[in-house]
1. When you look at residue 255, is it under 26 Å from residue 159 (Cα atoms), touching a helix residue (DSSP H, G or I) at 6+ places or on another chain (Cβ under 9 Å), surrounded by 14 or more Cβ atoms within 10 Å (Cβ to Cβ) and assigned by TED's automatic domain parsing to the domain that holds residue 187, yes or no?
2. Among the candidates 383, 361, single out the residue that is closer than 16 Å to residue 123 by Cα and in contact (Cβ under 8 Å) with a residue 60 or more places away in the chain.
3. Sort out which residues of segment 133-146 are under 14 Å from residue 366 (Cα atoms), buried (at least 24 other Cβ atoms within 10 Å of the Cβ) and more than 6 Å from the ligand (Cβ to nearest atom), and write them in order of number.
4. Assess whether residue 165 counts as being more than 14 Å from the ligand (Cβ to nearest atom), over 28 Å from residue 339 (Cβ atoms) and not assigned by TED's automatic domain parsing to the domain that holds residue 403.
5. Pull up segment 104-130, narrow it to residues that are assigned to a loop (DSSP other than H, G, I, E, B) and more than 12 Å from the ligand (Cβ to nearest atom), then point me to the one that is surrounded by the fewest Cβ atoms within 10 Å (Cβ to Cβ).
6. Go through segment 373-431 and tell me which helices (runs of 4 or more DSSP H), entirely inside it, have 2 or more residues that are under 23 Å from residue 79 (Cβ atoms), over 27 Å from the mean Cα position of the chain (by Cα) and assigned by TED's automatic domain parsing to the domain that holds residue 111.
7. Residues to consider are 183, 190; find the one that is more than 20 Å from residue 233 (Cβ to Cβ), assigned to a helix (DSSP H, G or I) and either at pLDDT below 95 or away from the ligand (no atom under 16 Å from the Cβ) (or both).
Ligand SMILES: [Zn+2]
């Protein structure tokens, strides 16, 4: 006797976490923020902010990745899911973070459901880790939702006649610097700068309303490079000359804060402030939700092995390191492990106090809620928890999703081959 599959699924997903129902996922009227995926800007930014209001309602934030754009084909969505899942499996094998190790694998109830939404199969009823840094799957969902919020906020700022500017603070870093120490000291310097007298004076002078700070870590020829992209919201647009002068005056305070942390920067490059609009905003959103990483080539291997001629390979993202982990590259394993430990618990994106309210984008969901929300869609099959573990053990999860996408008969044949009778069943309505 099989339990009623629909009920058992509903019990697990009927809580507050089931926020992204299929019906709600298609109701919003914005163009998506998949900036940079095709080299073009899809928010309507062509020097001006979109006139349309971008929704940041919970249900809209949780739209399945890639479903925000008509031209984003089912094939591409399936390919990206496969890539993200493969990278997650690759880093899970290292056993660095327990929550990550359970992500997408450990059932959260008695059964796991396979759901279909717009031709793409998903798993419902498994735990998620909610790690924006270390998890290729959760990270992609969180970044997607956060980029929608930031796009909405910056669009609203421009509609209100506010000014936008990008602040870049540089720090010297060296091959061999430990990421954790470098990151901690940079954050301390950044905090110290904001508490400095120079900052407070200049802040009032330039009319700073608030800031959104996105953090990023890359690995390049000088080793680890943790850095920030700071989006400034000003009470009115400011000219390039005025911002440049502001940056030059801030540089002294920044160098002082760096020195207190045992760090340094090249004086005249230490602080850069430039006005941004349209394309600049799009580039900022790309920092929050980057396009899927290119597969690293041979130059990347030379880079992490330390025998690269300077400048031949720019830098590697953690996602690219994860890709190299999947390939069994020992140095990538060491670097990714260091990254996962150093990034744990660190904030990825921060808004200054009151800015969300001012721009009418209240924080609606936590990273964990975004990562854990099920995308909805029709339940096509149910697998019991023991059966699910068997699929996981056989490395057959993605294969099962692909079978569901190929249709009922293919899925039934696949599950029958991998599982025992009573461990799975197909929903009658699945054609
Ligand atoms: Zn995860």
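1. Numbers: under 26 Å from residue 159 (Cα atoms): no; touching a helix residue (DSSP H, G or I) at 6+ places or on another chain (Cβ under 9 Å): yes; surrounded by 14 or more Cβ atoms within 10 Å (Cβ to Cβ): yes; assigned by TED's automatic domain parsing to the domain that holds residue 187: yes.
No; evaluated as a whole, the condition is false for this residue.
2. On the way: 361 fails: closer than 16 Å to residue 123 by Cα.
Residue meeting the stated conditions: 383.
3. Kept after step one, since they are under 14 Å from residue 366 (Cα atoms), are these residues of segment 133-146: 138-139, 141-146.
With buried (at least 24 other Cβ atoms within 10 Å of the Cβ) added as a condition, the list becomes 138-139, 141-142, 145-146.
Across segment 133-146, the qualifying residues are 139, 141, 142, 145, 146.
4. Spelling it out, residue 165 is indeed more than 14 Å from the ligand (Cβ to nearest atom), over 28 Å from residue 339 (Cβ atoms) and not assigned by TED's automatic domain parsing to the domain that holds residue 403.
5. Keep residues of segment 104-130 that are assigned to a loop (DSSP other than H, G, I, E, B), which gives 104-106, 108-110, 118-119, 125, 127-130.
Okay, now just the ones that are also more than 12 Å from the ligand (Cβ to nearest atom), so 108-110, 118-119, 125.
Numbers: 108: 17, 109: 16, 110: 15, 118: 14, 119: 12, 125: 24.
Looking at the filtered set, the residue picked out is 119.
6. 397-406, 408-418
7. Numbers: 190 fails: more than 20 Å from residue 233 (Cβ to Cβ).
None of the other options fit; the residue is 183.
The values are calculated or read from the model by the stated rules, or taken from the named source; none is laboratory data. Values in this document were obtained by computation on a predicted structure and should not be read as measured data. Methodologically, a virtual Cβ is constructed for each residue, glycine included, from the backbone with ideal geometry; neighbour enumeration extends over all protein chains shown.
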